[in-house]
Amino acid sequence: MAPMATEQSQQHTRKAVGLAARDASGHLSPLAITRRSTGDDDVVIKILYCGICHSDLHSIKNEWKNARYPMVPGHEIAGEVTEVGKNVTKFKTGDHVGVGCMVNSCQSCESCNKGFENHCPGIIPTYNLVDLDGTITYGGYSSMVVVHERFVVRFPNTIPLDKGAPLLCADITMYSPMKYHGLNVPGMHLGVLGLGGLGHVAVKFGKAFGMKVTVISSSPGKKQEALKQLGADAFIVSKSADEMKAAMSSMDGIINTVSANIPMAPLLRQLKPNGKMILVGLPEKPMEISPFALVAANKTLAGSCIGGMRDTQEMLDLAAKHDVTADIEVIGAEYVNTAMEHLAKADVRYRFVIDIGNTLDKAAAAAE
């Protein structure tokens with residue numbers, strides 16, 4: 001059962017505005033919300049940009065059957081520090097910072113103590129849950145946010161905030177499995193299944209690690225983008241039996257970013273013996289996999305979900321070193337529902353980012 005709001009959290013709040021879904025239609029419109037007052041360990045952030053993740057679309061439409069309305073989505077938050085609590089040591093007013101997919105955890109379990117807050121049983125996502133103090137978590141499609149210092153990261157000076165915002169979900173989602181499953185070794189052959197918001201940064205990180213990168217996609221029209229714009233070494237059309245056959249047993253690992261239910265056996269055949277497929281996409285329905293597809297050549301099928309805070313900062317620093325940012329389309333807050341329609345059709349290159357700082361207040365005033 002979710003914790004009840006405390007009397008203190010109800011009384012001491014500050015006003016903000018967000019773009020909220022009220023029901024499973026997913027339509028977003030301005031909503032007056034409250035944020036908690038600044039705690040001793042808190043960082044107050046004026047939100048300037050927020051990326052749109054496909055999970056935002058799943059959430060506002062209640063496709064995962066866990067929606068709490070009204071819901072303000074958004075977990076790719078980039079902004080500027082406006083206030084810090086008295087115990088905060090890592091940040092000061094004016095710093096450029098980010099908040100990703102979580103805003104709290106128990107901070108005391110084995111996972112938290114090892115820096116894997118993303119594995120904490122008490123993880124508090126950035127939106128659609130009740131925080132430990134009883135306040136509702138609202139995401140980054142909003143004017144400001146108050147977050148515990150532990151769950152804030154610093155943007156290196158060389159990363160623009162608009163292009164940096166998606167790194168807080170998309171890039172850590174790619175970086176973490178590549179690091180922990182050994183798919184970051186120069187000379188290895190990495191397959192990237194799906195060339196969208198996640199896949200395009202997987203290509204960039206693969207090349208940053210010195211790997212051979214092959215994109216596997218059902219869309220032949222993305223070939224030139226993959227090869228010329230993103231720097232992939234090869235491109236395979238997954239619907240082409242000849243192309244898939246030619247690449248059999250050639251890849252050390254595959255990062256599977258696809259959120260649709262697709263046949264797995266042809267993809268697993270692309271792996272070398274002892275190869276690994278890491279799932280980061282979230283299909284709506286259960287997957288069907290023959291055990292022989294794994295057992296026969298000692299292949300591994302694993303999953304990965306974002307990363308801990310230490311790894312997130314490490315990822316940002318590496319991204320700055322290798323000039324890895326997301327390819328984005330910046331939009332105004334008034335365009336967000338249209339952007340969701342385009343996202344549902346995979347019609348975006350490769351991540352929408354809302355210009356919160358310059359457009360949210362205008363959109364809210366127009367709605368009034």
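The values are calculated or read from the model by the stated rules, or taken from the named source; none is laboratory data. Source: prediction; values computed, not measured. Cβ atoms come from the backbone with ideal geometry, glycine included; neighbour counts cover every protein chain shown. Please note that ligands, DNA and RNA were not included when accessible areas were found on the heavy atoms of the full protein model with its side chains. Shrake-Rupley method; radii C 1.70, N 1.55, O 1.52, S 1.80 Å.
Mind giving me the FRET efficiency for residue 157 and residue 295? R0 is 56 Å, r the Cβ-Cβ distance, nearest 0.05 is fine.
0.70
When the dipole is taken about the Cα centre of segment 89-174, and only Lys, Arg (+1) and Asp, Glu (-1) are charged at their Cβ, what size is it in debye, to the nearest 20?
That gives segment 89-174 a dipole magnitude of about 220 debye.
Convert 25 °C to kelvin, take the viscosity as 0.890 mPa s, use the Kirkwood radius over C-alpha pairs of segment 79-174 as Rh, and evaluate the Stokes-Einstein diffusion coefficient in µm²/s, rounded to a whole number.
172 µm²/s
Just 339, 326, 32 to compare: in a GNM of the chain, with alpha carbon springs under 10 Å, which one fluctuates most?
32
Based on the alpha carbons, how large is the Rg to Rh ratio for the chain when Rh follows Kirkwood?
Rg divided by Rh gives 0.97.
Please report the net charge: other residues with Cβ closer than 12 Å to the Cβ of residue 277, K and R +1, D and E -1.
Once all neighbours under 12 Å are counted, the net charge is +3.
Taking the solvent-accessible surface of protein heavy atoms with a 1.4 Å probe, what is the per residue accessible area of segment 123-212 in Å²?
27 Å²
Considering only protein heavy atoms, what per residue accessible area in square angstrom results for segment 229-352 with a 1.4 angstrom probe?
Accessible area per residue: 50 Å².
Just read off the accessible area of residue 183 with the full protein assembly in place, 1.4 Å probe, to the nearest 10 Å².
Surface accessible to solvent at residue 183 totals approximately 0 Å².
Determine which residues of segment 278-299 fall in the zone a paramagnetic label at residue 260 would reach in this model, i.e. backbone nitrogen under 14 Å from the point 7 Å along Cα→Cβ.
282-285
Whenever you get a sec, compute what percent of the accessible area on the chain sits on carbon and sulfur atoms (1.4 Å probe).
Exposed carbon and sulfur together represent 52 percent of the surface.
Which residue, 82, 111, 34, has the largest displacement toward the positive end of the dipole of segment 10-155 when charges sit on each Cβ (Lys, Arg +1; Asp, Glu -1)?
The Cα lying farthest towards the positive end belongs to 34.
If you average the alpha carbon positions of segment 55-112 and of segment 205-279, how far apart do those two centres end up, in angstrom?
Comparing the Cα centres of segment 55-112 and segment 205-279, I get a distance of 32 Å.
How big is segment 218-320 by the Kirkwood estimate over distinct Cα pairs, in Å?
Final number for the Kirkwood radius of segment 218-320 is 15.4 Å.
For the residue pair residue 288 and residue 249, what label-to-label distance in nm results when each label sits 7 Å from Cα along the Cα-to-beta-carbon direction?
2.7 nm
Modelling each spin label as a point 7 Å along the Cα-to-Cβ direction, I'd like the residue 64/residue 228 distance in nm, to one decimal.
The answer from the label model is 3.7 nm.
Mind jotting down a quarter of the surface of the convex hull over the alpha carbons of segment 118-202, in square nanometres, one decimal? Could you put the intermediate results ahead of the total?
Details: hull surface 31.5 nm².
Result: 7.9 nm².
Rounded, prolate or oblate, given the Cα gyration tensor of segment 54-107, with a/c below 1.5 counting as rounded?
Working: a/c = 3.13, a/b = 2.21, b/c = 1.42.
Note, shape of segment 54-107 comes out prolate.
Please go through the residue pairs 272/321; 204/321; 179/222; 65/276; 15/46 and name each one whose alpha carbons sit more than 23 Å apart in this structure.
Violating the 23 Å limit, Cα to Cα: 272/321; 179/222; 65/276.
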